[in-house]
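Just below is one structure, and these are the notes that go with it.
Read-outs throughout are calculated quantities, based only on the coordinates presented, and are distinct from any laboratory measurement. No experiment lies behind these values; they were computed from the predicted model shown. Please note: Cβ atoms are built from the backbone with ideal geometry, for glycine as well, and neighbour counts cover all protein chains shown.
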Amino acid sequence: MRADAGYAEAVRFRFKHLFVDEAQDMNPLQYALFEEIRGGRPDVFVVGDPLQAIYGWNGADRMLFDTLPDALGHTTVLSLPNNYRCSPHIVHAARHVALQTGEAFEIEAVREDGPHIRIAGFDDEQEEADGIASLLWQYAPTAGAHPWQSCAVLVRTNTQLVAISKALTRAGIPIGSTRQPPEITAAIALAAQSTSRHGLTTWAADISNESTDEAERTVAEMVRQFVQQDTIGTVDGRAFSAWVAANATVSHPKAGVDLLSFHGAKGREWDCVVIAGAEVGLLPHGSATSTDQKREEVRLAYVAITRAAHQLFVTYARKRNTRNAGISPLLQDMPTSLDMPVAPMPTFSRLARRASNDPDLLDDLTTWRRHLARSLFQQPAGICSDEELKKLASAQPADREMTIDDLAAVMGKSMAQRIAPAVLPLFERHASRN
């Protein structure tokens with residue numbers, strides 16, 4: 001446009017009114033294009049949130065947004081301080097985190113209050129992954145007929161998703177679709193560390209010749225395709241990562257828990273969010289060394305927190321990959337938070353098994369299991385096995401009503417908490433018959 005005045009005028013004639021969304025994420029090249037299209041005209045509408053400026057690593061410059069009113073001249077600035085998505089507990093937590101940028105801002109909750117934020121620490125990343133599955137199962141009974149579609153697990157780095165994905169699968173929790181499986185995402189992140197064509201192709205060749213990891217071998221083949229297609233432009237790990245993002249095939253959404261990075265979650269929302277790996281070294285990330293980078297990490301935490309509308313869980317590992325970790329300094333003093341232990345998923349194979357002497361109650365429990373499994377898009381055995389149902393049916397005390405503690409003695413505390421509202425009335429109804 002700068003080189004061809006006629007072309008520039010044609011573009012400006014076609015686009016008389018400009019609307020720019022997510023303006024806080026503009027990089028200098030995008031800003032230059034915006035100014036060329038604008039051509040000094042005042043008919044511009046710009047929307048942005050300085051607290052959601054999280055793409056500095058990709059060249060975005062938030063100062064371009066901050067200085068827009070002066071650059072445009074004669075502007076009307078409308079502040080939108082009301083948060084209509086998040087419960088007051090979540091808004092208060094987000095405000096606490098955002099204050100660590102050292103900047104002044106306004107954010108107020110509008111909707112009704114919700115449950116307390118819950119913080120849970122675990123010994124290592126594997127226990128954390130299993131704990132996340134337990135937290136989601138505890139939340140599910142409160143979330144209607146299709147609970148998993150309203151849940152997400154958010155992480156700072158994609159490599160964290162591998163253990164979490166496996167833990168959710170073991171626990172019978174369906175996983176929503178992503179641009180690629182966590183194992184593929186982790187392998188792409190490894191390839192993206194290459195700083196040259198030689199480094200990238202060498203990495204791919206080494207993987208093809210030596211690795212037995214299927215995900216890594218898949219990404220190595222993707223690297224080969226990328227190098228063959230891009231013979232003129234920059235060829236390195238970062239360019240490969242951008243190529244993958246541009247050419248990724250997004251599958252149709254599945255009815256499951258979404259697993260995403262903080263960056264990938266931007267612009268979306270869920271009723272229930274788990275922020276995983278909220279710990280030293282990950283949040284803020286260890287690579288953030290400058291003041292600007294550290295402030296961007298604070299804003300990234302703010303974005304992650306405000307993806308949750310109703311329930312927010314925060315988890316961390318005390319040790320990750322043999323290094324000491326612990327709760328993130330950005331989140332450790334969040335208000336209205338509870339640091340509570342998480343009951344593990346029950347290990348059903350350890351439960352003693354005996355045949356039930358109560359076929360009527362067993363029929364009722366079987367019907368309950370079938371309906372619950374259907375609502376969760378699972379097989380009935382994913383809720384509990386036939387033998388476990390028999391164990392449960394035979395646990396009715398002879399001299400008193402069945403209680404949640406009785407359920408816990410058979411099924412484990414975590415399972416008891418989530419099935420009690422539906423199962424205890426079955427025992428009560430059966431006792432009244434007898």
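Key figures for this structure:
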item: For the chain: lysine pairs under 23 Å (alpha-carbon distance), excluding those fewer than 8 apart on one chain; result: 8
item: Top of 37, 305, 54 by mean-square fluctuation, Gaussian network on the chain, Cα under 10 Å; result: 37
item: MRE, 222 nm, helices only [DSSP H, n ≥ 4, -39500 (n - 2.57), over the chain, to nearest 500]; result: -13500 deg cm²/dmol
item: Debye, to nearest 20: dipole size of the range 68-121, +1 on Lys, Arg Cβ, -1 on Asp, Glu Cβ; result: 240 debye
item: Matching label, mean projected area of the Cα convex hull in nm² computed from the structure shown, candidates [x] 32.0; [y] 26.5; [z] 19.8; result: [y]
item: Cα gyration tensor shape of the range 61-112, rounded if a/c is under 1.5, else prolate or oblate by comparing a/b with b/c; result: oblate
item: Over the range 92-190, volume per residue of the alpha carbon convex hull, in Å³; result: 162 Å³
item: Signed unit charges on C-beta, dipole axis of the chain, positive-most listed residue 63, 243, 142; result: 142
item: Rounded to the nearest 20 debye, dipole of the chain from Cβ charges on Lys, Arg, Asp, Glu; result: 540 debye
item: Two-site FRET efficiency, residue 367 against residue 221, from Cβ-Cβ distance with R₀ of 51 Å, rounded to 0.05; result: 0.55
item: Among 283, 72, 331, residue whose mean-square fluctuation peaks in a GNM of the chain (springs only between Cα atoms under 10 Å); result: 72
